[in-house]
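The values are calculated or read from the model by the stated rules, or taken from the named source; none is laboratory data. Note that the structure is a prediction, hence the values are computed from the model and not measured. Reconstructed Cβ throughout: ideal geometry from the backbone, glycine too, with neighbour counts over all protein chains shown. Ligands, DNA and RNA are excluded from the accessible area calculation, which covers all protein heavy atoms including side chains. Shrake-Rupley method; radii C 1.70, N 1.55, O 1.52, S 1.80 Å.
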Amino acid sequence: DAEEYQPPIWKSYLYQLQQEAPRPKRIICPREVENRPKYYGREFHGIISREQADEILAGVEGAYILRESQRQPGCYTLALRFGNQTLNYRLFYDGKHFVGEKRFESIHDLVTDGLITLYIETKASEYISKMTTNPIYEHIGYATLLREKVSRRLSRTKNESRKASVTSEESTPVEKITSLVRRAALTQNDNHFNYEKAHNFKVHTFRGPHWCEYCANFMWGLIAQGVRCSDCGLNVHKQCSKYVPNDCQPDLKRIKRVYCCDLTTLVKAHNTQRPMVVDSCIREIEARGLKSEGLYRVSGFTEHIEDVKMAFDRDGDKADISASIYPDINIIAGALKLYFRDLPIPVITYDTYSKFIEAAKISNPDERLEAIHEVLMLLPAAHYETLRYLMIHLKKVTLHEKENFMNAENLGIVFGPTLMRPPEDSTLATLNDMRYQKLIVQILIENEDVLF
């Protein structure tokens, strides 16, 4: 419960080490150097040898200079004094300065970050190697969702404790909830559709001290100290990200759109069984379009379909796609097909694509059906549920074939390339597989009661 939540004890050892790390000391060249690159300052000493650089830096921990290589003119080196020896790094510039993956606005920042890293890795290499052995992550109740419940509880707890009456501040506690607190306060039962989802980690620069939400250790350095999940906001060391389970619970405020969003991410963010686009469009089509001639084959106006897309991106499940706004049902059918086409990972995923194609090539109908069923079991849960729901709907469409002229084969032609695409972007592969794509969807529709 949020009211009983006790924050973890952050491990401050690495933070203390960062504070102890040597500070950079720029050694200025006493003479004016010709042909100095415009992006270097007076720490540039021109063409000098390693031995000369060592003499200049001797005895000054954290001291640094830049020099041009004697052996390779036009190549530049950062000479840095650390641990009573001079370290030499090949230096690059592409608008920012770098010697490795990290890129810096200034040489001073590069050296500062380098000294911190060198110092911590020298003093705590064994500690760092064991950082992930007893993670806080396993003890804190991470695998959950329902932000609103947590926000309400934490907001109530905070308001009760301070007995504040300032209304302008009453909405702020939600923004201050860290991903750790949000996760710790939730219960597994809150998420009715707990599909497995990997975190979407990206390198991140944290402003001010930050601690890893997996191991509870400080994330050291000046920039790119760790990674952040762009879907749920989890902050961890890069090395810790390898151990985090596939239990991402996307935060709705981080999901900026509905179309072009990963299917599992969308359903977890909205806590729904299927994408709300699929539910809304199918509900509308079944209410007023099952007898429409050429349903899914006849195209609606492109600009109106784009309007529906924008409405879902803007309003989510509150998007109005009723007959009063869009009287042509083909617009709604087109918006549904566009949603499937825009998925970054198709409903029939890239991982299972070739297995479905191979299953479609089996000549014996019973064996083919069994093979397709086996591959269906390999789909991610959210993809499977979406495909199942769509096939039940398309089966209903075929029941009105006399009015809409759309049988399972026709729907297979329409939905084959919409629901499945080859992993490699090859026109030849797509053309060769089209008849099998059509066949797969046709079989899924005709046998939906058996396969699902």
What FRET efficiency comes out for Asp307 versus Tyr127 if R0 is 51 angstrom and r is the Cβ-Cβ distance? Round to the nearest 0.05. 0.35
For Ile27, the residues 5 or more places away or on another chain with a placed amide H closer than 5 Å to its own amide H are Tyr64
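What accessible area per residue, rounded to a whole number of Å², is obtained for region 201-254 using a probe radius of 1.4 Å?
39 Å²
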Can you return the lysines within cross-link range of Lys238? Criterion is Cα-Cα under 20 Å, with same-chain partners fewer than 8 residues away left out. Lys11, Lys102, Lys123, Lys130, Lys197, Lys202
I'd like the antiparallel share, as a percent to the nearest 5, of DSSP beta bridges with both residues in the chain. 75 percent
Dipole magnitude (debye, nearest 20) for the chain, charges at Cβ of Lys, Arg, Asp, Glu: 1400 debye
Around Leu80 (Cβ within 13 Å, Cβ-to-Cβ, excluding Leu80; K/R +1, D/E -1) the net charge comes to +3
Determine the shape class of region 201-254: with a ≥ b ≥ c the square roots of the Cα gyration tensor eigenvalues, call it rounded for a/c under 1.5, and otherwise prolate if a/b is greater than b/c, oblate otherwise. oblate
Signed unit charges on C-beta, dipole axis of region 201-254, positive-most listed residue Asn235, His210, Leu222: Leu222
Relative contact order, percent, region 201-254 [alpha-carbon distance under 8 Å, six or more residues apart]: 34 percent
I'd like the orientation of helix 107-129 relative to the chain: the angle between its Cα long axis and the longest Cα principal axis, in ° from 0 to 90, rounded to 10. 80 degrees
How far apart, in nm, are two points set 7 Å out from the Cα along the Cα-to-Cβ line at Trp10 and at Arg341? 4.9 nm
Could you order peptides 388-399, 73-84 by the average number of other Cβ atoms within 10 Å of their residues, highest first? 388-399, 73-84
Find the lysine pairs in region 350-450 meeting two conditions, Cα atoms under 19 Å apart and a separation of 8 or more places or different chains, and report how many there are. 4
Based on DSSP H runs of at least 4 residues, each adding -39500 (n - 2.57), what is the mean residue ellipticity at 222 nm of the chain after dividing by all its residues, to the nearest 500 deg cm²/dmol? -13000 deg cm²/dmol
Within the under-14-Å Cβ sphere about Asp433, not counting Asp433, Lys/Arg +1 and Asp/Glu -1 give a net charge of +2
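Got a number for carbon plus sulfur as a percent of region 1-137's accessible area, 1.4 Å probe? Walk me through the intermediate numbers first.
Details: 3710 of 8010 Å².
C and S fraction of accessible area: 46 percent.
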For Lys96, go through the lysines and keep the ones whose alpha-carbon is under 16 Å away, minus same-chain ones fewer than eight residues off. Lys38
